[in-house]
């Protein structure tokens, strides 16, 4: 027959607390914008034929995008040359897609681009940031044109479900063309983009005939003796027949990929308004090779005003990085001496769709003491596009924890952790771009100590990354504090501790929960508070 030994288990919870107590979770949050939020960024200025790029960013902390939604982007019509550019040049990736209809108009003179997101394609346990870029060509803005506005305003509205939760606007100044007539000028009809302070024509890889360059010769009506036009072809390009640029009458057949049009009429201000092809008249005056071409015009009079047109085909396999920015230079000579030089930079474009995430893990989901150590893991992923060097990954640590040391990082890609005791944060800096399709993980250790902790308390922590000006937060990494108990057996008469007794723990139904339990200093972990201060332990 079993003898039931009723042993009082003193739940000496190592945290020194009452079993039933709880405390609120302490979290530190950095100030951020709307969460979820949308931002739109437009160029400071927009000029004629410029490639306008509107960056639209959706950012959210983990779990914030729990419904499908959409972003409406309002684009002034008077900033758009061809409305089809708004959808044809748009590159979207998950979770985005175009609604039907994709493009509408409002009563305020705007095109409205309708982009939706599928929340099921957004990982709920990661901070997320996605940017897509709307690219289109601006029209020609002529000086003294009363229809040209001083500024244009762009707007983005983010809806989650049927409710607008975030809105942003940006404004661009319109820059008009100078109306002066040049002796020599060169430009491309392609959209333009400014890179490192240089406005460059953005070349097409799949439509070389659209990569049109126009060279204006003697529009200011001078006498030029023995005029020769020379044009140098940039590396990784070759001459190609051009598409249509201006309305020109006559035979448009190119010679060695070159068309020559002569001005036949002008308006009251002297600006050309009509042209006729004269390429055949100069067929024997044109020479070309892989390095460029030359046209011997002979003597030019004030009535000899021309536009020379051609296109450039970019070498197959070229990318924005390998091609870089190249210069396309034209020179007008007279009697072998240079009169004028005109240059048009050219470049290739990238896709400009970005999607990054930040997630967090903790090494221990539970702890049964008032002090200990945790290992936190931060993972930044570049799902589409790169996470640029200089990006900060910031972790505001929970109360009662202190940064100890970094356990693991890629020393070439991620900086040492910088701990600021005043703000109680640790910061890592991306040292080199995290390339699309890759990730970087940082493991660091913190020390925890809270003598006043109570069972059920949570040590909750989340990190953030700044994406397009907004701090987006990772998921919570949570450690729950559990109770613990010490099993003691003492002599009833002397109260001296007795060692070596073997016990087993059974539940209310008599099922063995733990066996071979000895009074040797081991502890019983308590997952949740017990309803009473006593439990029954049977000794065999």
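The values are calculated or read from the model by the stated rules, or taken from the named source; none is laboratory data. The model shown is predicted, which means the values in this text are computed figures rather than measured ones. Here the Cβ positions follow ideal geometry from the backbone for every residue, glycine too, while neighbour counts run over all protein chains shown.
Failed condition for residue 140, given (1) more than 30 Å from residue 361 (Cβ to Cβ); (2) surrounded by 14 or more Cβ atoms within 10 Å (Cβ to Cβ); (3) touching a residue at least 60 places away in the same chain (Cβ under 8 Å), with all others met?
(2)
All but one of (1) part of a strand (DSSP E or B); (2) touching a strand residue (DSSP E or B) at 6+ places or on another chain (Cβ under 6 Å) hold for residue 288; which doesn't?
Single failed check for residue 288: (2).
How many residues does the stretch 350-373 contain that are closer than 15 Å to residue 463 by Cα and crowded, with 21+ Cβ neighbours inside 10 Å? Even if it seems obvious, please write down each step before you answer.
Here is the first cut: in the stretch 350-373, the residues closer than 15 Å to residue 463 by Cα are 356-362.
Keeping just the survivors that are crowded, with 21+ Cβ neighbours inside 10 Å gives 356-360.
Total meeting the criteria: 5.
Of the numbered conditions (1) assigned to a loop (DSSP other than H, G, I, E, B); (2) touching a strand residue (DSSP E or B) at 6+ places or on another chain (Cβ under 7 Å); (3) farther than 30 Å from residue 42 by Cβ, residue 411 satisfies every one except a single condition; which is it?
(2)
Got a number for residues in the stretch 278-295 being under 50 Å from the mean Cα position of the chain (by Cα) and on the phi < 0 side of the Ramachandran plot?
Selection size over the stretch 278-295: 11.
Residue-wise test of (1) out of contact with any strand residue (DSSP E or B) (no Cβ under 8 Å at 6 or more places or on another chain); (2) over 15 Å from residue 356 (Cα atoms); (3) surrounded by fewer than 19 Cβ atoms within 10 Å (Cβ to Cβ).
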position	(1), (2), (3)
375	no, yes, yes
380	no, no, no
383	no, no, no
396	no, yes, no
418	no, yes, yes
423	no, yes, yes
439	no, no, yes
442	no, yes, no
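When you look at residue 446, is it touching a strand residue (DSSP E or B) at 6+ places or on another chain (Cβ under 6 Å), in contact (Cβ under 8 Å) with a residue 60 or more places away in the chain and crowded, with 16+ Cβ neighbours inside 10 Å, yes or no?
Here the answer is yes, as residue 446 does meet what is asked.
Checking residue 75 against (1) modelled with pLDDT of 95 or more; (2) surrounded by fewer than 18 Cβ atoms within 10 Å (Cβ to Cβ); (3) over 20 Å from the mean Cα position of the chain (by Cα): exactly one of these is not met. Which one?
(2)
Please specify each residue of the stretch 149-163 satisfying the condition of being farther than 18 Å from residue 56 by Cβ and touching a residue at least 40 places away in the same chain (Cβ under 8 Å).
If the condition is that a residue be farther than 18 Å from residue 56 by Cβ and touching a residue at least 40 places away in the same chain (Cβ under 8 Å), then 149, 161 are the ones that fit.
Looking only at the stretch 253-281, which residues are more than 20 Å from residue 212 (Cα to Cα) and touching a residue at least 24 places away in the same chain (Cβ under 8 Å)?
269, 270, 271 - these are the residues of the stretch 253-281 that are more than 20 Å from residue 212 (Cα to Cα) and touching a residue at least 24 places away in the same chain (Cβ under 8 Å).
Scanning the stretch 254-275 for residues that are in a loop (DSSP other than H, G, I, E, B) and more than 45 Å from the chain's Cα centre (by Cα), which turns out surrounded by the fewest Cβ atoms within 10 Å (Cβ to Cβ)? Lay out the reasoning, then the answer.
Taking the stretch 254-275 first, the residues in a loop (DSSP other than H, G, I, E, B) are 254, 256-257, 267-271.
When the remaining residues are screened for being more than 45 Å from the chain's Cα centre (by Cα), the result is 267-270.
Values: 267: 9, 268: 5, 269: 8, 270: 11.
That would be 268.
Looking only at the stretch 146-158, which residues are crowded, with 17+ Cβ neighbours inside 10 Å and at pLDDT 95 or above?
Residues satisfying the conditions are 152, 154, 155, 156, 157, 158.
Looking only at the stretch 219-229, how many residues end up being over 11 Å from residue 308 (Cα atoms) and within 46 Å of the chain's Cα centre (by Cα)?
As a first pass, look at the stretch 219-229 and keep what is over 11 Å from residue 308 (Cα atoms): 219-228.
From what's left, within 46 Å of the chain's Cα centre (by Cα): 219.
Qualifying residue count for the region: 1.
From (1) out of contact with any helix residue (DSSP H, G or I) (no Cβ under 9 Å at 6 or more places or on another chain); (2) part of a loop (DSSP other than H, G, I, E, B); (3) surrounded by 15 or more Cβ atoms within 10 Å (Cβ to Cβ), pick out the condition that doesn't hold for residue 242.
(1)
Residues of the stretch 103-121 being in contact with a helix residue (DSSP H, G or I) (Cβ under 9 Å, 6 or more places away or on another chain), part of a strand (DSSP E or B) and touching a residue at least 24 places away in the same chain (Cβ under 8 Å), which ones?
Listed by number, the residues that qualify are 105, 110, 111, 113.
Conditions (1) in contact with a strand residue (DSSP E or B) (Cβ under 8 Å, 6 or more places away or on another chain); (2) buried (at least 20 other Cβ atoms within 10 Å of the Cβ), marked per residue:
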{"site": "50", "(1), (2)": "yes, yes"}
{"site": "59", "(1), (2)": "yes, yes"}
{"site": "63", "(1), (2)": "no, no"}
{"site": "81", "(1), (2)": "yes, no"}
{"site": "119", "(1), (2)": "yes, no"}
{"site": "127", "(1), (2)": "yes, yes"}
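Within the stretch 348-391, can you find the residues that are over 17 Å from residue 471 (Cβ atoms), outside any strand (DSSP E or B) and free of Cβ contacts under 8 Å to residues at least 60 places away in the same chain?
Once the filter is applied, which keeps residues that are over 17 Å from residue 471 (Cβ atoms), outside any strand (DSSP E or B) and free of Cβ contacts under 8 Å to residues at least 60 places away in the same chain, the stretch 348-391 yields 350, 363, 386, 389.
Name the single residue, out of those in the stretch 92-102 being under 20 Å from residue 131 (Cβ atoms) and in a strand (DSSP E or B), that is nearest to the chain's Cα centre (by Cα). Give the derivation first.
Initially, the stretch 92-102 is screened for residues under 20 Å from residue 131 (Cβ atoms), giving 92-99, 102.
Then drop every residue that is not in a strand (DSSP E or B), which leaves 96-99, 102.
On the way: 96: 14, 97: 17, 98: 19, 99: 22, 102: 22 Å.
Looking at the filtered set, the residue picked out is 96.
Kindly establish whether residue 230 is more than 30 Å from residue 73 (Cα to Cα), in contact with a strand residue (DSSP E or B) (Cβ under 8 Å, 6 or more places away or on another chain) and either surrounded by 14 or more Cβ atoms within 10 Å (Cβ to Cβ) or touching a residue at least 60 places away in the same chain (Cβ under 8 Å) (or both).
yes
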